[in-house]
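A.B. asks: The structure is given below, and queries will be raised subsequently.
Just so it is clear, none of the values below were taken in a lab; they were calculated from the coordinates. Fair warning: this is a prediction, and the values are worked out from it, not measured in the lab. We place every Cβ from the backbone using ideal geometry, glycine too, and count neighbours over all the protein chains shown.
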Amino acid sequence: MCYNQTMLRFWWLGLVLMFSPVLACGSQLPPDLYVKAVQYARAFQIDPNLLVAIVWVESRFCPEALGSHGEIGLGQILPSTAEALGVNPAWLWNVDWNLWAAAKHLRDLWNTFHNMKLVIEAYNAGAGAVEEGTIPLSTEQYYINVNYVYEYLEAHQSVLAAWLGQVASR
């Protein structure tokens, strides 16, 4: 991919992340949920940009998101995953519990795989699929999407900080 295509992709993603008028819930990146995601990531000692990127790809930060396989909320947590984490599945509709579960799940996956690509794939396809090497093609695309958002967030930390400062001063 040439430099201009890369810049165009980052420019487009920037518009989507910051100014998306009608995505999922019809909302932009909610500053309060972004801050909560960062706080939960730090509490579980995982990269905040990884959790934010996964939540963005999973639900576009829509707390009411419901996946086609029964995944719930911001982190699109399956009820069975919630139970394994010690969370009542009914609590997944609460943004704090959902972000807590997503961050805890990422921490557990990181402790197992110690590799960002494998962690992202396991978050999507399950740890068993990664361990068995049976990753579906859709999970490879999922990894590309999450990694793309992650790289954007890494490259634009100062922009996010300025944006949060503007939001906080309103």
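A.B. asks: So what's the Cα pair-distance distribution over segment 65-149, bin width 5 Å, in %?
C.D. replies: So the P(r) values, bin by bin, are 3, 16, 24, 26, 20, 10, 1.
A.B. asks: For residue 49, what is the net charge nearby, where nearby means another residue's Cβ is under 14 Å from its Cβ and Lys, Arg count +1, Asp, Glu -1?
C.D. replies: Result for the local shell: -2.
A.B. asks: Would you compute the Debye intensity of segment 25-112 from its alpha-carbon atoms alone, equal scatterers and no solvent, and pass along log10 I(q)/I(0) at q = 0.13, 0.19, 0.23 Å⁻¹ to two decimals?
C.D. replies: Values returned for q = 0.13, 0.19, 0.23 Å⁻¹ are -0.34, -0.75, -1.11.
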